[in-house]
């Protein structure tokens, strides 16, 4: 019992010392009380376990003070001009992946067909690829009424690049692309094309020397001509597979 009373007295002294330290402004530190604490702990009969417990209370109080200080610094940062809570948040890997996909969706949706099927070169923004400085011949207008808007190069790091053209009529736009090499398999050609325009091809079906598939729910058509692969794929509006086949039969040479 005597040991327990001594332990309680020591704990009370620690609380008193901490209270004096926190409340002292012009008053001197509580050195006298701390010396009494040390003398109490130094007396024989106080077990090591009890000492650890007593000092553990002081350590817990000190840790709480540290948390308060760190929290105060965080609040101060948020209150600074131009700062916000979001500035201190680090996105997780999944958030970054979602951000990339949202950016891709916005890039796809940002492409709008020009009025009357004619683009203004001064303001045209390519949804995919980059302008082709040395394009092959592309018909200026297809028999289905689609008008040539831009010659492009479809490319992705480490993958074969393809030359292509964007055609539009009203709200309908499509890409007509050709491979640069003859040795590439048509399925690989389709896969690479999907990588270039950020959407995976799906629902493939081979018929009459052509591969019919969809990209983002829109029809696409691929075929081989003299060893080179070609593809027609809708990128806006609602082009029909029948129209793509008609373009292939009448325009592709």
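Quick notes on this one:
- Of all the criteria given as (1) assigned to a helix (DSSP H, G or I); (2) buried (at least 19 other Cβ atoms within 10 Å of the Cβ); (3) over 30 Å from the mean Cα position of the chain (by Cα), the one not satisfied by residue 246 is (2).
- Just one residue in the set 230, 212, 224 is in the same structural domain as residue 134 (by TED's automatic domain parsing), more than 18 Å from residue 164 (Cβ to Cβ) and modelled with pLDDT of 90 or more; that residue is 212.
- Put simply, of 166, 197, 190 the only residue that is out of contact with any strand residue (DSSP E or B) (no Cβ under 6 Å at 6 or more places or on another chain), crowded, with 20+ Cβ neighbours inside 10 Å and more than 11 Å from residue 232 (Cβ to Cβ) is 197.
Yes or no, residue by residue, for (1) in a strand (DSSP E or B); (2) in contact with a strand residue (DSSP E or B) (Cβ under 8 Å, 6 or more places away or on another chain):
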{"position": "137", "(1), (2)": "no, no"}
{"position": "144", "(1), (2)": "no, yes"}
{"position": "150", "(1), (2)": "yes, yes"}
{"position": "156", "(1), (2)": "no, no"}
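- Filtered residue count, region 210-232, keeping only those that are within 19 Å of residue 141 (Cβ to Cβ) and either in contact with a helix residue (DSSP H, G or I) (Cβ under 7 Å, 6 or more places away or on another chain) or not in a strand (DSSP E or B) (or both): 1
- Qualifying residue in region 169-187 (condition: assigned to a helix (DSSP H, G or I), touching a residue at least 60 places away in the same chain (Cβ under 8 Å) and closer than 22 Å to residue 142 by Cα): no
The values are calculated or read from the model by the stated rules, or taken from the named source; none is laboratory data. All values derive from a computational prediction rather than experimental measurement. So basically every Cβ, Gly included, is an ideal-geometry build from the backbone, and we count neighbours across all protein chains shown.
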